[in-house]
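Here the structure is laid out as structure tokens; the discussion comes afterwards.
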Amino acid sequence: MFSGHRVTIVVILCLFGICLSQSGYSQKKRKQSAKTDDNRVYLVHSNTLSYDQRKNPDAQILCGNVEFFHQGAKLFCDSAHFYEGTNSFEAFGNVKMYQGDTLSLFSDYAFYDGNEQMAMSRYNVVLKHRESTLYTDSLNYDRLYSVGYFFEGGRLVDKDATLTADWGEYNTGTKMAAFHYNVVLRDDKFNLISDTLYYNTSQSEAHVVGASEITSGKSNIYSDDGFYNTQTERARLFNRSVVKNEGKIIIADTIYHDAKLKTSEALWNVEYTDTVNKNVMTCDYCWYDDSVGYAMATKKAVAIDYSQGDSLYMHADTFKLYTYNINTDSVYRTVHAYNKVRAYRTDVQAVCDSLVFISKDSCMTMYRDPIVWNYSQQLLGETIKIYMKDSTIERAHVIEQALSVEQQQTDTTRYNQVASKEMLAYFEKGEIVRADAIDNVQVIYFIIDDSDSSFIAQNNLETTELKMFLENRKMKRMWAPKSEGVMYPMSQIPPEKKFLDSFAWFDYVRPLNKDDIFVWRGKKGKSTSDDNNVKRRKAPLQQLGDKKGKSTDLAPAINKLK
């Protein structure tokens, strides 16, 4: 028995001597590793070294201040199992790996494969790289490609931003992170939720792929393909992304949004919706600055008002919105539309070169050859002011060379006509109920038999003022002070007296539907606004008449219509 114990002691002493010799050899190789391509893992230090032939015959059991060195990286732990044959080791307790002065990896447990340069860290894992720190419970770090993979939930902290996900990877070389499933990126200024996110820590820029939402203050961004910089708060959004801000919604193929400057730039198939005021703007280019309340839209721009159910469509080359006294109780806005304005709604259509709408008094002013149609009624002049109430027309003011034309329904070749220096039209429920002509008034109107709607006579008169009252879009009565004119029986109307000198009926210019607003049609004839040298008329004239008609005072006839 003694002899057997002696042999066992000798074997143990021999093995222990070999291990001590190997430890010294490893320290020499560590010094040489910087000059060679040696891929071996070196044991630098351990307080104790032992073997357990029964439990783990292939491992050197190291305890106390264990240190390894491999390819420029230092690895520390409380204890380890070193598998020299496979160039790997298991590390236990306070595991630390340092690579240069920019990367460190901490965990409770790790397995390191020197041949693959792979560190598999588990439990309370912390990967630090410059200003970024990754927290997880399971991380595989590939030193060969500088990529760390986590697959049981992770949290990346970069400056002021925190990013969490179920699965992801982080490349310490490119400083790029890729996170998947239940991704959340947040700081004190914003919150981002996504399914897939790529994050550049050097530029603090996130790239979202798949359904994503970014909340910043009162604005929300929805995108399945976009970039967001957490430092500058600038976003580049693609693929029909959406930006919402206090009832204002922008949808476009491409959107550039700056949360700090409160600006948005949208391109291609843009839809801007104001859900509070119930209007929409569509175009191919839009710029909006929420800080000053300025907006501009162009390229197939269309403004749509749907506050009254029956939507009003308006097209122009360019729309601009200005806000005054912003962030005060006296705030108001102006809208400028210019170059080839065309508008359509079922009950109202209009064309002009340009217009301005002021919200303070709900007044829309139309410039340069403005024309407004209301069913069979046409109004035109040099300038037309339209006053709105609850998004519907309340009254219209036609300034200079005003002309009102009403096409008769039973005979579309005949027109009631009124020309004057200016004209006021009053509306109820979208229909003209009264029209006042002021100064230099010329009138042609028909007296109609109520029983069979047949024409009785045509009246031609001139006066200083005229008030017309309509019901269901039909003339009911008229009022005028002293006037002079001629009443022609229908069979005795001279051809030259059928129309006023300024008469024009622009039915071929009138928008026919909401798609027709894009088709600009210029005037073929002339109107009162086409000729700046038009002769001004004075009223009342003493007589109107010719060889076929006689002068007549129309006051009795007008009174009969009251």
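The figures follow:
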quantity	calculated
Cβ pairs under 8 Å, 6+ apart, first in the range 284-308 and free of Cβ contacts under 8 Å to residues at least 40 places away in the same chain, second part of a loop (DSSP other than H, G, I, E, B)	Asp289/Leu261; Asp289/Lys262; Ser291/Leu261; Ser291/Lys262; Val292/Ile326; Ile304/Ser311; Tyr306/Lys278
Residues satisfying the stated conditions in the range 178-188, i.e. in contact with a strand residue (DSSP E or B) (Cβ under 6 Å, 6 or more places away or on another chain) and in a loop (DSSP other than H, G, I, E, B)	Asp187
Subset of the range 225-281 (residues that are open to solvent by 40 Å² or more (accessible area, probe 1.4 Å), in contact with an Asp or Glu (Cβ under 8 Å, 6 or more places away or on another chain) and closer than 20 Å to Lys299 by Cα)	Phe238, Asn239, Arg240, Ile251, Tyr256, Leu267, Trp268, Asn269, Asn279
Every residue from the range 351-392 that is hydrophobic (A, V, I, L, M, F, W, C), under 19 Å from Lys429 (Cβ atoms) and open to solvent by less than 20 Å² (accessible area, probe 1.4 Å)	Val372, Trp373, Leu379, Ile386
From the options Arg54, Arg40, residue that is among the basic types (Lys, Arg), more than 30 Å from Ser132 (Cβ to Cβ), at pLDDT 85 or above and open to solvent by 40 Å² or more (accessible area, probe 1.4 Å)	Arg40
Matching entry among Asp317, Asp284 (being within 12 Å of the chain's Cα centre (by Cα), modelled with pLDDT of 90 or more and within 27 Å of Leu512 (Cα to Cα))	Asp284
The lone exception for Asn472 - which of (1) within 55 Å of the chain's Cα centre (by Cα); (2) surrounded by 13 or more Cβ atoms within 10 Å (Cβ to Cβ); (3) not hydrophobic (A, V, I, L, M, F, W, C) it fails	(2)
Candidate set from the range 113-154 (those that are among the acidic types (Asp, Glu) and assigned to a strand (DSSP E or B)); member that is farthest from Phe68 (Cα to Cα)	Asp137
Wholly within the range 196-305, strands (runs of 3 or more DSSP E) carrying at least 3 residues that are among the polar types (S, T, N, Q) and touching a strand residue (DSSP E or B) at 6+ places or on another chain (Cβ under 6 Å)	219-229, 234-245, 263-274
Conditions (1) of a type in the set (Ser, Thr, Tyr); (2) open to solvent by 10 Å² or more (accessible area, probe 1.4 Å); (3) under 46 Å from the mean Cα position of the chain (by Cα); number of the one not met by Tyr83	(3)
Selection count where residues are in contact with a Gly (Cβ under 9 Å, 6 or more places away or on another chain) and outside any strand (DSSP E or B), scope the range 85-112	3
Search result, residues across the range 460-488 that are modelled with pLDDT of 90 or more and farther than 19 Å from Arg434 by Cβ	Asn460, Glu462, Val486, Met487, Tyr488
From the options Phe76, Phe89, Phe111, residue that is touching a residue at least 40 places away in the same chain (Cβ under 8 Å) and under 20 Å from Leu139 (Cα atoms)	Phe89
Listing of strands (runs of 3 or more DSSP E) fully contained in the range 443-532 that carry 3 or more residues being under 30 Å from Arg342 (Cβ atoms)	455-471
Members of the range 158-182 found to be open to solvent by 40 Å² or more (accessible area, probe 1.4 Å) and among the aliphatic types (A, V, I, L, M), listed by number	Met176
Selection within the range 96-121 - more than 29 Å from Asp160 (Cβ to Cβ) and open to solvent by less than 50 Å² (accessible area, probe 1.4 Å)	Ala110, Tyr112, Asp113, Gly114, Gln117, Met118
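The values are calculated or read from the model by the stated rules, or taken from the named source; none is laboratory data. If you're wondering where the values come from, they're calculated on a predicted model, not measured in any experiment. Note: ideal-geometry Cβ built from the backbone for every residue, glycine included; neighbour counts use all protein chains shown. We work out accessible area using only protein heavy atoms, side chains counted, and drop any ligands, DNA or RNA first. Shrake-Rupley method; radii C 1.70, N 1.55, O 1.52, S 1.80 Å.
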